[in-house]
Amino acid sequence: MALSNSSPQSGSAQETPSVGAGEGQASHAGPRVDHFKLENGMDVVVIPDHRAPVVTHMVWYRNGSADDPRGKSGIAHFLEHLMFKGTHKHQQGEFSHLVAELGGQENAFTSYDFTAYFQRVAREHLGVVMEFEADRMTNLNLTDEVVAPEREVVLEERRMRTEADPAAQLDEALNAALFTHHSYGVPIIGWGHEIETLDRQDALAYYNRFYTPENAILVVAGDIEAPEVEALARETYGKIPARGEAPKRNRQREPEPRAERIVKLADAKVEQPQFERIYLAPSAHTGQKGESEALDVLSHHLGGGQTSLMFRRLVLERKLAVSAGAYYYADAVDESRFYVYGLPAEGVSLEELERGVDDVLAELRRDGMSREDVERASTRLVADAVYAQDNQTSLARWFGAALANGGTVQDVLGWSARVEAVTVEDVAKAMKWLQKRRAVTGYLLKDEAAA
């Protein structure tokens, strides 16, 4: 069980290709994908991959922490934990024990826009895990004796991951300052004082609202073909009655930002000061055609690795930082985020590093990206996506996240072509989103006095 909310400060690359809102045909051979619906409204995606006799089975729900009711933050993640507590048919731990006995793997994760559950097993056991997963879509059995201890588990998880980690506290404060009205400003795990109030009735109300076949997506990738998956899906998930119309997401729109915000956090536990800035930017689903792809190319050129502009200027040439980069999240239902960040070199203040970052951004605004820069960045992005197709779990995640966020299978398959179509002019226009009035700047400082 995990929170799907990675930090850019680790310098990690984007795990999946961004999913855009436009249609298109990929210029590179993508995976073969079948997509259909069951009669009860459940989406099914099948991605054959016959290199090994295993399958990855995932069920995605179109709800995440951003759909938590006001005052009940953390309920989506809390319910993810409770989904492992057994049903009226199967005792607590029975499903997990079965997966382990079969030599498989399982987990679940909650993000802002979706919750997902998955198992990876030998292909002959697919029907069994589908039966168990279908059972807990409708027959979850919760008692106060189960709910109360698990709430303490979640509170301890928050204490360990956030309250004991100054960098995580800063990230939480930055998001809360960036999204002043939208629920993306609330941490996925929830606020501690609200988690303390969550109870069995809250969990069941959320479960009954969102855990329906119309709101779910089944993704199977691996050594199997669509007809076999369809037959198994009809025998398991297909027996779950439709509830009617899929639930609606009730979210507030973030107002247009007008003032730069600065957040500083000092703590004795900080060993490495950090600079971070988050810009409010359009996602693939809220931006104009081609806008998110241009932001993808821009982020890669600006801060995507040791050949990027920020790394060359700040680390190699000016020696202001030991690490620097940029990162963009395209995959969000609503407005998203564009990050720039850096770790200062010894003896360099965060103010100096910030001025260096602003110098790089000013250079990019003045000189722009050349046609060769754009082609190099888009080629690398597409190559990374092609290489990632070697992993069937990554494939399953691409398509599951796309459909959960309101996209389509064709959005994923056409992503490479859209990235390759980005022009110098598109990137220049995308720079308009990187304005300080649209951003929150964060300083993570050593607290020398406390130390």
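The values are calculated or read from the model by the stated rules, or taken from the named source; none is laboratory data. What you see is a predicted model, and the numbers here were worked out from it, not measured in a lab. Virtual Cβ from ideal backbone geometry, glycine too; neighbours counted across all protein chains shown. Ligands, DNA and RNA are excluded from the accessible area calculation, which covers all protein heavy atoms including side chains. Shrake-Rupley method; radii C 1.70, N 1.55, O 1.52, S 1.80 Å.
Of the residues 124, 150, which is out of contact with any helix residue (DSSP H, G or I) (no Cβ under 7 Å at 6 or more places or on another chain) and assigned to a helix (DSSP H, G or I)? Walk me through how you get there before you give the answer.
Numbers: 150 fails: out of contact with any helix residue (DSSP H, G or I) (no Cβ under 7 Å at 6 or more places or on another chain).
None of the others qualify; the one that does is 124.
Would you check if there is a residue in the range 273-294 being more than 21 Å from residue 68 (Cα to Cα), touching a Pro at 6+ places or on another chain (Cβ under 9 Å), without any contact (Cβ under 8 Å) to a residue 12 or more places away in the chain and not in a strand (DSSP E or B)?
Yes, some residue in the range 273-294 is more than 21 Å from residue 68 (Cα to Cα), touching a Pro at 6+ places or on another chain (Cβ under 9 Å), without any contact (Cβ under 8 Å) to a residue 12 or more places away in the chain and not in a strand (DSSP E or B).
Could you tell me whether residue 157 is under 20 Å from residue 2 (Cα atoms) and either surrounded by 15 or more Cβ atoms within 10 Å (Cβ to Cβ) or of a type in the set (Val, Ile, Thr) (or both)?
So residue 157 passes the test.
For the range 401-418, check the following and say yes or no: at least one residue is farther than 19 Å from residue 335 by Cβ, out of contact with any helix residue (DSSP H, G or I) (no Cβ under 8 Å at 6 or more places or on another chain) and open to solvent by less than 10 Å² (accessible area, probe 1.4 Å).
Yes, the range 401-418 contains at least one residue that is farther than 19 Å from residue 335 by Cβ, out of contact with any helix residue (DSSP H, G or I) (no Cβ under 8 Å at 6 or more places or on another chain) and open to solvent by less than 10 Å² (accessible area, probe 1.4 Å).
Can you tell me which residue is nearest to residue 398 (Cα to Cα) among those in the range 332-345 that are of a type in the set (A, V, I, L, M) and either more than 28 Å from the chain's Cα centre (by Cα) or assigned to a loop (DSSP other than H, G, I, E, B) (or both)?
Only one residue tops the list, namely 332.
With the requirement that a residue be under 15 Å from residue 134 (Cβ atoms) and either surrounded by 12 or more Cβ atoms within 10 Å (Cβ to Cβ) or of a type in the set (A, V, I, L, M, F, W, C) (or both), what does the range 87-98 give you?
Listed by number, the residues that qualify are 87, 89, 90, 94, 95, 98.
Considering only the range 419-451, state which residues are open to solvent by less than 20 Å² (accessible area, probe 1.4 Å), of a type outside the set (A, V, I, L, M) and either in contact with a Cys (Cβ under 8 Å, 6 or more places away or on another chain) or within 30 Å of residue 33 (Cα to Cα) (or both).
If the condition is that a residue be open to solvent by less than 20 Å² (accessible area, probe 1.4 Å), of a type outside the set (A, V, I, L, M) and either in contact with a Cys (Cβ under 8 Å, 6 or more places away or on another chain) or within 30 Å of residue 33 (Cα to Cα) (or both), then no residue fits.
Considering only the range 236-245, state which residues are of a type in the set (Lys, Arg) and either open to solvent by less than 60 Å² (accessible area, probe 1.4 Å) or touching a residue at least 40 places away in the same chain (Cβ under 8 Å) (or both).
Matches in the range 236-245: 239 only.
Would it be correct to say that residue 289 is under 30 Å from residue 417 (Cα atoms) and more than 20 Å from the chain's Cα centre (by Cα)?
Yes, satisfied.
Give me the residue from the range 187-218 that is part of a helix (DSSP H, G or I) and charged (D, E, K, R) and, out of that set, nearest to residue 404 (Cα to Cα).
Among those that are part of a helix (DSSP H, G or I) and charged (D, E, K, R), it is 214.
Need the failing condition index for residue 203 against (1) buried (at least 17 other Cβ atoms within 10 Å of the Cβ); (2) aliphatic (A, V, I, L, M); (3) under 24 Å from residue 280 (Cα atoms), just the number.
(3)
Given (1) buried (at least 24 other Cβ atoms within 10 Å of the Cβ); (2) touching a residue at least 40 places away in the same chain (Cβ under 8 Å), identify the lone condition not met by residue 368.
Condition (1) is where residue 368 drops out.
Among the candidates 176, 221, 266, 233, which residue alone is among the small types (Gly, Ala, Ser), open to solvent by 50 Å² or more (accessible area, probe 1.4 Å), at pLDDT 95 or above and not in a loop (DSSP other than H, G, I, E, B)?
Answer to the check: 266.
If you scan the range 179-196, which residues turn out to be over 19 Å from the mean Cα position of the chain (by Cα), open to solvent by less than 50 Å² (accessible area, probe 1.4 Å) and more than 22 Å from residue 267 (Cα to Cα)?
Result: 194, 195.
Does any residue in the range 53-79 that is closer than 20 Å to residue 42 by Cα come within less than 8 Å, Cβ to Cβ, of a residue that is among the β-branched types (Val, Ile, Thr) and open to solvent by 10 Å² or more (accessible area, probe 1.4 Å) six or more places away or on a different chain, and which pairs are these?
Sorted first by the residue in the range 53-79, then by its partner, the pairs are 56/393.
Is it the case that residue 251 is at pLDDT below 95, among the basic types (Lys, Arg), farther than 18 Å from residue 133 by Cβ and open to solvent by less than 60 Å² (accessible area, probe 1.4 Å)?
yes
Which numbered condition trips up residue 256, out of (1) open to solvent by less than 30 Å² (accessible area, probe 1.4 Å); (2) at pLDDT below 95?
Answer for residue 256: the failing condition is (1).
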